[in-house]
Amino acid sequence: MCGIVGIIGQEDVAERLLDGLKRLEYRGYDSAGIATVDGDTIERRRASGKLSNLAKVLDAEPLPGAVGIAHTRWATHGGPTTNNAHPHATNEVAVVHNGIIENFKPLREALISRGRVFTSETDTEVVAHLISERLEAGADPIDAVRDVLPQLRGAFALAILFRSQPDLLIGARLGSPLVVGVGEGETYLGSDALALASLTQRVIYLEEGDWVVCKRDGIQVYDQANQPVERAITQSGVDRAVISKGNHRHYMIKEIYEQPIVVAQTLRSYLQRMDETLTLPIPDFDLSEIKRVTIVACGTSYYAGMVARYWFEQFARVPVDLDVASEFRYRAPVIEPGGLAGSVAKIVKLEHAWRRLDGRNDDGFQVAPFPG
Ligand code: GLU
């Protein structure tokens, strides 16, 4: 799952879109691209590999336009090539997508049988064609998106741009996060608040199944049943330091060195200073009753889950199952009553952090990671 940034701005947006993508570099990606509406046409610039490649393409062929969408891709369907890089577009519409459209194959076959010509191997391109078909049949953009969303199965965060309406972006989310940023006479979409950190601190976290119509001067959120809903504007409070690489060579090394601090900061919020105990946010059930633990995680978090497995088995003497999240959803796992399941987010090299914290025991700072 990679990054999305969208801007409806007052002036050319390509530079700020690229800057937003740079803030998402920490998530990893294999290619990137930007689309804008310039005059009466949708224009795209895409490149495989690092964002510096996209920057070079943009230098050679600048991209005007005050409304745009941008993406860093982590390929799931189709190789990490320039042609498969997002945005995917027709003459009428451009789309960026995080996630997987599980039913893309029958949708693609049906679209091809109706004469649509595909130019990439991605699952995403079906979304551009489905919306385009509606637009070409005379629907307005909002109706077109509303008709197409229920046809999509899987997990997606989408940002969509329209040739005919350069004051409009539509976003939608199901299973993948998407936030809306509220600016002064500008509106933004981002796959997380970090992407929008330099644009605005005022963000709306969309809920499952929400879709949003963004204009320069305001937004309207709809829920999955297409009812207009109010979602609160919150202060993201994202600190620029969190998203810069600092003096580190790359994000992984930064994360490794940050772990002692991150774990300490997290634990500090549960530390009762007076009696030097930790009150962890564990729901109201008896941990000693737990018969089995299931951990679901991806990538580096999977390795963190392996460390957790060693610890649970060593300290709590409870058997642990560990699954790669992307595969877990296709299994019919046998999960008995009395088990505990959890997913691991980005917890890299937790054992390294643990040793550092453990070293602070001299200060009387005791950490009990798992019930023994
Ligand atoms: N499934 C899409 C693709 O392969 C999106 C991948 C992503 O989340 O970056 O292009």
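For this structure, a couple of remarks:
- Condition check for SER244: polar (S, T, N, Q) and free of Cβ contacts under 8 Å to residues at least 24 places away in the same chain: yes
- The range 99-119: number of residues that are near the ligand (Cβ under 10 Å from one of its atoms) and open to solvent by less than 10 Å² (accessible area, probe 1.4 Å): 1
- Residue in the range 47-56 that is open to solvent by 10 Å² or more (accessible area, probe 1.4 Å), within 15 Å of the ligand (Cβ to nearest atom) and of a type in the set (S, T, N, Q) present: yes
- Across the range 67-98, the number of residues qualifying as near the ligand (Cβ under 9 Å from one of its atoms) and not in a loop (DSSP other than H, G, I, E, B) comes to 7.
- Qualifying positions in the range 273-301 - in contact with a strand residue (DSSP E or B) (Cβ under 7 Å, 6 or more places away or on another chain), open to solvent by less than 60 Å² (accessible area, probe 1.4 Å) and either among the aromatic types (Phe, Trp, Tyr) or more than 26 Å from GLU255 (Cβ to Cβ) (or both): ILE290
- The condition (being hydroxyl-bearing (Ser, Thr, Tyr) and under 16 Å from the mean Cα position of the chain (by Cα)) is satisfied by just one residue among TYR257, TYR222, TYR205: TYR205.
- Some residue of the range 80-89 being surrounded by fewer than 20 Cβ atoms within 10 Å (Cβ to Cβ) and farther than 26 Å from THR41 by Cβ: yes
- For the range 1-28, the set of residues classified as within 12 Å of the ligand (Cβ to nearest atom) and assigned to a strand (DSSP E or B) consists of GLY3, ILE4, listed by residue number.
- Subset of the range 132-174 [within 18 Å of GLY6 (Cβ to Cβ), hydrophobic (A, V, I, L, M, F, W, C) and within 16 Å of the ligand (Cβ to nearest atom)]: PHE156, ALA157, LEU158, ALA159, ILE160, ALA172, LEU174
- Matching residues in the range 232-261 - criterion: being open to solvent by less than 80 Å² (accessible area, probe 1.4 Å), at pLDDT below 85, among the hydrophobic types (A, V, I, L, M, F, W, C) and within 25 Å of LEU199 (Cα to Cα): VAL238, ALA241, ILE243
- Just one of the listed residues (ALA70, ALA32, ALA75) is among the hydrophobic types (A, V, I, L, M, F, W, C) and surrounded by fewer than 20 Cβ atoms within 10 Å (Cβ to Cβ), namely ALA75.
- LYS56, sole failed condition from (1) assigned to a helix (DSSP H, G or I); (2) within 29 Å of LEU135 (Cα to Cα): (2)
- Of all the criteria given as (1) modelled with pLDDT under 95; (2) open to solvent by 10 Å² or more (accessible area, probe 1.4 Å), the one not satisfied by THR41 is (1).
- Cβ pairs under 7 Å, 6+ apart, first in the range 250-275 and of a type in the set (Phe, Trp, Tyr), second assigned to a helix (DSSP H, G or I): TYR251/GLU25; TYR251/TYR26
The values are calculated or read from the model by the stated rules, or taken from the named source; none is laboratory data. Because the structure is a prediction, the values reported are computed rather than measured. Cβ atoms come from the backbone with ideal geometry, glycine included; neighbour counts cover every protein chain shown. Accessible surface areas use protein heavy atoms only, side chains included; no ligands, DNA or RNA. Shrake-Rupley method; radii C 1.70, N 1.55, O 1.52, S 1.80 Å.
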